[in-house]
Amino acid sequence: MIKKSLFFLLFFYSVVVCAQAAISGQINRNVEGTSAKVHLTKLNIEHIKDLKFAKPVAWMLTREDGSFTFDQKHIADKDAVYHIYVKRVEEALNDTIAAGATFILSKSDKMIFQKTKVPFAEYTTTNEADKEWKRLLAYETELLQSKLDQDNEEQQLKGYAKDSLRILMVKLIGIKQLEEKGLLEQDITKNSAFYLALLSELKESEMPKENYLFLEKRLAFLTQGTIEKKYAWSKMVNYILGVLVLGLAGFLIVRRKSAPIPVALSRQEQNIQKLIVEGKTNKEIANELYISISTVKTHITNIYQKLKVANRQELVRKMRN
């Protein structure tokens, strides 16, 4: 009965420990009787390749079988970059090990390191960002090690550019790090064009929206501000055009009012007016139109009244103008 109780207690304890452990694994102990101190540190995204800027998170001595665990309490809620490494407590026989691994992890993820000759060389993880990051690093290493000519390099880069999800994921990791530090809004203000272009690229990609939803919300005020500026500019242009149209309409109305109203002359008066402009005398006009001189004078008087002129000179001047 006691043995059964102890078995169930040990089983329950192991289940609880595994459930709470975010990082677990086992390292190979080559020197019998020695233990190793496993360190877990957190890296700044700006100095991701410089371990001297790493911030200590936790450490533990490996158990007798070389196993170790780090609880979820040591891991951030959101994705962050960590570095794990081990150093021998004993340095006998010049046995100094400084091996480690850098990875991305959040509290909701699990990571298990396999027992390998080189500590932390292989692991499994549930963090998708870390998987994409490792693929990117592997590709960069492949490019550095290969000795391809320029044409082949261009083809390789073009092929890599097509798989833009990897690049976008790495960019998002950096942006999340800025957000955790409270520096994202400041950087967005300085580089708004970059972030708007990146958001547009994310929307056009096959990236799940929930991965960049936080960025879209942060940029909402920027896009709204851009729309408001465009609307204000459009409103101003419409206002200016409206003023110009009203001004032009007013000008045409005033001009129409100020323009002299055409005077309706009879056909005979029009004939006499034409002959006067040509310099004909009353007698010449009477002979040409086969009317009397008195009739010519009567028509001329009516023409003067209608056109508001006093004599032939004013009539000729007005007609020519």
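The values are calculated or read from the model by the stated rules, or taken from the named source; none is laboratory data. All values derive from a computational prediction rather than experimental measurement. Cβ placement follows ideal geometry from the backbone for every residue including glycine, while neighbour counts extend to all protein chains displayed. Protein only, heavy atoms only, side chains kept; ligands, DNA and RNA dropped before computing areas. Shrake-Rupley method; radii C 1.70, N 1.55, O 1.52, S 1.80 Å.
With r defined as the distance between the Cβ atoms of residue 178 and residue 245 and R0 fixed at 51 Å, what FRET efficiency is calculated, to the nearest 0.05?
FRET efficiency, residue 178 to residue 245: 0.55.
Would you mind calculating the gained length between residue 213 and residue 290 on full extension (0.36 nm times residue separation, minus the Cα-Cα distance), in nm to one decimal?
Separation in residues times 0.36 nm, less the Cα-Cα distance, equals 17.9 nm.
How much accessible surface does residue 295 have with a 1.4 Å probe, in Å² rounded to 10?
Accessible area, nearest 10 Å²: 50 Å².
Greater than 32 Å separation of Cα atoms is the criterion. Which listed pairs, 134/217; 117/176; 49/203; 134/203; 110/190, meet it?
Violating the 32 Å Cα-Cα cut-off are 117/176; 110/190.
If you take every residue apart from residue 128 with its C-beta less than 10 Å away from the C-beta of residue 128, what net charge results, scoring Lys and Arg +1 and Asp and Glu -1?
Local charge sum for residue 128: -3.
What number comes out for the charge environment of residue 299, summing +1 per Lys or Arg and -1 per Asp or Glu over other residues with Cβ under 15 Å away?
Its environment carries a net charge of +4.
What nm distance separates the two modelled labels at residue 233 and residue 265, each placed 7 Å from Cα along Cα→Cβ?
5.8 nm
Need one value: the accessible area of residue 278 in square angstrom, 1.4 angstrom probe, rounded to the nearest 10.
100 Å²
As a test question: what accessible area, to the nearest 10 Å², does residue 53 have when a 1.4 Å probe is rolled over all protein chains in place?
100 Å²
Could you order the peptides 21-28, 313-320 from most to least packed, using the average number of other C-beta atoms within 10 Å per residue?
21-28, 313-320
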